[in-house]
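The next block holds one structure in the form of structure tokens; read it before the comments.
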Amino acid sequence: MTKIGVYPGSFDPVTFGHLDIIKRALKIFDKVIVAVAHNTDKSPLFDVTERVKLLKRSLKGIKRVEIDDFDGLVVEYVKRKKAYVVIRGLRMISDFEYEFQMALTNRKLSSSIETIFMMPSESYSYLSSKLIKEAASLGASLKGFVPHLVEKAIKKKWDL
Ligand code: ADP
């Protein structure tokens, strides 16, 4: 049986932190589905098609990864994909409360779905999409935070 892990999130945009989690997850799962959420309440910088495209380009050449988008409940999407594991990244203790609430809510919604948490390399444990957008808007270089193609896409969006 193929072990599938679903990694849902906004990915607005993908960072080296997300890519680190995906690569670690590939050591555990036969296939990792990166699922880009439509219904983010964070008014994204990139629309869902752009976020999917940036992920695909950032993961070019890496096998056993599928990039998809989804609408609605994560647990329903996971079931549609014939999977039962949700992967989430845990950076700091500050992530814990929200992630804990969400994992328990998902368990209540569907007791057959399990959530696993993975830690990135410590060099990415402070990195967030929000932070890199802020840094870019102030003119910072994003080298070491996001792939070059993502940095270019952000700067193009804002005409920087
Ligand atoms: P969401 O809006 O669902 O939190 P994000 O794209 O911000 O979407 O994050 C998706 C997942 O990736 C979350 O579990 C988040 O904690 C995790 N994540 C984000 N940045 C990092 C990082 N630098 N290292 C490890 N995990 C991360």
Please specify each residue of the stretch 10-27 satisfying the condition of being surrounded by fewer than 22 Cβ atoms within 10 Å (Cβ to Cβ) and without any contact (Cβ under 8 Å) to a residue 60 or more places away in the chain.
23, 26, 27
If a residue must be within 23 Å of residue 15 (Cα to Cα) and not in a loop (DSSP other than H, G, I, E, B), how many such residues does the stretch 81-124 contain?
22
Among the residues in the stretch 74-94, are any away from the ligand (no atom under 13 Å from the Cβ), closer than 21 Å to residue 157 by Cα and in contact (Cβ under 8 Å) with a residue 40 or more places away in the chain?
no
In the set 121, 129, the lone residue that is within 12 Å of the ligand (Cβ to nearest atom), within 17 Å of residue 55 (Cα to Cα), in contact with a helix residue (DSSP H, G or I) (Cβ under 9 Å, 6 or more places away or on another chain) and not charged (D, E, K, R) is 129
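Residues checked against (1) among the hydrophobic types (A, V, I, L, M, F, W, C); (2) buried (at least 18 other Cβ atoms within 10 Å of the Cβ):
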| site | (1), (2) |
| --- | --- |
| 46 | yes, yes |
| 53 | no, no |
| 56 | no, no |
| 66 | no, no |
| 78 | yes, yes |
| 91 | no, yes |
| 95 | no, no |
| 100 | yes, no |
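Just so you know, all these numbers are worked out from the coordinates, no wet-lab data involved. Since we're looking at a predicted model, the values are computed, not measured. Cβ sites come from the backbone with ideal geometry, for glycine too, and all protein chains shown count toward neighbours.
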